[in-house]
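Notes for the one structure printed next.
The values are calculated or read from the model by the stated rules, or taken from the named source; none is laboratory data. Predicted model, so just to flag it, every value in this text is computed and none were measured. Every residue, glycine among them, receives a Cβ derived from its backbone with ideal geometry; neighbour counts consider all protein chains shown. With ligands, DNA and RNA removed, areas are computed over all heavy atoms of the protein, side chains included. Shrake-Rupley method; radii C 1.70, N 1.55, O 1.52, S 1.80 Å.
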Amino acid sequence: MVCRDSCGKVRCCAATRRLNVFSPLQAELVAIMFGLEIARVHGLEDIQIETDSLLAVQEIQKGYASACECDGIICYICDLLLVEGLGSVSYVRREAKYFAHNLAKLNVEGTDDVLWW
């Protein structure tokens, strides 16, 4: 997860390893949830989550009506976005996520979250 300011400057980065993630969609949704949780904990507001998973964006846009296998995660993401007003989620092409994809390749030891400021 990479957090940038409105000028595009990197403000923080985070990586995590999650167990029991069984599909690419679930992995994307867990990453989005992780980014929103970090934003909430650190008081960030009006953030824009970008993902290269069009399916994740489409399921989140369905909101509480999503019927996919990850509907519990989607409902939680909707709570963070809508109820707590943290921001929004949008689709970007994979090429735009070069930095985040390289960060995700880091070998994070254990299951603890790693956060760089």
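Things worth noting here:
- Using the average count of surrounding beta-carbon atoms within 10 Å as a protection proxy, the listed peptides 55-67, 18-30 rank, highest first, as 55-67, 18-30.
- Over region 1-67: Kirkwood hydrodynamic radius from C-alpha pairwise inverse distances, Å: 13.1 Å
- Computed in the context of the full set of protein chains, the accessible area of region 1-94 at 1.4 Å probe radius has 53% of its extent on carbon or sulfur.
- Extension gain, residue 10 back to residue 58 (0.36 nm per residue minus Cα-Cα distance, nm): 14.6 nm
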